[in-house]
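Scroll down for the structure; my scribbles are underneath it.
None of the figures in this text is laboratory data; all of them are computed from the coordinates on show. Quick caveat: nothing in here was measured; it's all calculated off a predicted structure. Note that we place each Cβ from the backbone using ideal geometry, even for glycine, and neighbour counts take in every protein chain shown.
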RNA sequence: GCGCCAGUAGCUCAGCAGGAUAGAGCAACGGUCUUCUAAACCGUAGGUCAGAGGUUCGAAUCCUCUCUGGCGUACCA
């Protein structure tokens, strides 16, 4: 519908030159009597033309060559809006397109040929994935899906660090538990990883090696075993919520490849790194930032900035056009350093898109749950998925704007009832499948020959919303706003349920019934496609 | 102190590519199944869009300030 209007204004521009070169905003009015689409261009032109906006609007309307099969009515309203009402015939045509494209409907090829890498989760393997990681995981995977829908070839990647302090602590923790397991009476330090999984890993080592590891370095067999067990578990957890990473990128390889040294050398070459107080500093003040930061500590260990820069360079080198990073809001102060580094080394930082999401507050029994991996005070993703299922978990994490704090109410998520919004969408899909089974039993088929019979308000409203799917997917993907898809689907489902309440198929005159079946099939396709973008199942019965 | 995010109905949140009378779900109240799934639909009630200025023909939406909450502001990641 919007495309048609854009064309209409483009050709009107030939007669009214002032229409050329200005952007035509096409809006959906909130009030039904204001038509299907509305344009405010006349009001924007008052200043330039020094004329009353309603006069301008009238002049524009007169210049249109209207096809009456498409546009039913054009009128000037309010302070100078131009309101368009489309014919039912035109509006319902979308059904043919949807039924034609099926699971490709909503996809676009705007970015085809482009490659994107989405880095997400990226948790160090010190413990199981918790509900705290959930929002990151679901945002990353859903954004990846959306990018695929607009043409990108997307690789999902998990970046991790198996060196460093946290992992050292992990090895120490396992060793302590092991010593306890082989009978040593020692006290387990309070600041070590407290989780039960550490005890289990230690038990495994005891079963395998007996007490022969008493003198083993914590960073040897202990750390290796822990990392192995925990990573296997993390992969399984991701799999449980339908996430498949293409790569797990180990920070360590950046050292082995000499990439870390390379970055240092290049920064020094550009006079952007210097030594002071035993450490190596990154001269961020040179790049317009507030203060210089340490990139290599006096201990000789780099800070996160250095490997992060080196890692991102590999992404450019691997040929990605778009580099998406999904981070919690606690990273907001750190990534600009990395971007500045990339830019200084000649990489286009505009290709990096950092998605920052706000933290999740977990509510259980009406209370806030404070989580910490080290203190073993957490709810794991697996526990949650076992209780409520992958669909509910994914939906809860994606249904809100990522820039807003999210309350995750575990008790609400557990309810298999109408209080749980994900069922609203799935129920619409299941209801449709059930209807279609029934019409099939009655030997009724869909037909695209009489779609113009779909004139009831609930039919027209549903069709109008179906028109917007492709645009919605494109806009959501380009703006990295996955929650919009969830909102859109809730609207489609609501319109469908209303249609269901008002319009019947069985017992209706044949050609209208056939048109309605077509509408229902089209709706099913859109709901199913939308659910698939969100990584949710589309159940055929509930 | 400085920076980022947020503040919209009792609760959880949409809306924020400036538009006409601010929405949904839940919770409350009332109605709708002898015919396609009542996990649904219809209706009632509920608001100083945190507050104050400003820009504009027009502001929940953009700008400034204030207040409140979250997160940062490391030789942790």
Highest average packing first - A:352-358, A:487-493, A:393-399, A:435-441, Cβ atoms within 10 Å: A:393-399, A:487-493, A:352-358, A:435-441
Computed [θ] at 222 nm, helices only, for chain A once each DSSP H run of length n ≥ 4 contributes -39500 (n - 2.57): -15000 deg cm²/dmol
Relative contact order of the range A:2-86, defined on C-alpha pairs under 8 angstrom at six or more residues apart (%): 29 percent
Normalised alpha carbon radius of gyration of chain A [divisor 2.2 N^0.38 Å]: 1.21
Three-way shape call for the range A:165-240 based on the alpha-carbon gyration tensor, with the a/c threshold at 1.5: prolate
Relative contact order for chain A, counting Cα pairs under 8 Å that sit 6 or more residues apart, in percent: 17 percent
Likely footprinting exposure, A:165, A:498, A:259, A:214, fewest C-beta neighbours within 10 Å first: A:165, A:214, A:498, A:259
Volume of the Cα convex hull of the range A:346-486, divided per residue and given in Å³: 207 Å³
Ordering of A:195-206, A:140-151 by packing [mean C-beta count within 10 Å, highest first]: A:140-151, A:195-206
Cα shape, the range A:283-333, gyration tensor, a/c 1.5 rule: prolate
Contact order normalised by residue count of the range A:166-218, Cα under 8 Å, 6+ apart, percent: 48 percent
Fewest-first sequence of A:331, A:429 by Cβ atoms within 10 Å of each Cβ: A:331, A:429
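Under the rule a/c < 1.5 gives rounded, and otherwise a/b versus b/c splits prolate from oblate, where does the range A:84-139 land using the Cα gyration tensor?
prolate
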Stokes-Einstein D (µm²/s) once Rh is taken as the Kirkwood radius of the range A:419-533 over alpha-carbon pairs, at 20 °C in 1.002 mPa s: 147 µm²/s
Exposure proxy order (Cβ contacts within 10 Å, fewest to most) of A:312, A:467: A:467, A:312
Highest average packing first - A:524-537, A:174-187, Cβ atoms within 10 Å: A:524-537, A:174-187
For the range A:2-86: Kirkwood Rh in Å [reciprocal of mean 1/r, alpha carbons]: 12.8 Å
Part-to-part distance (alpha-carbon centres) for the range A:112-128 and the range A:347-411, which is given in Å: 16 Å
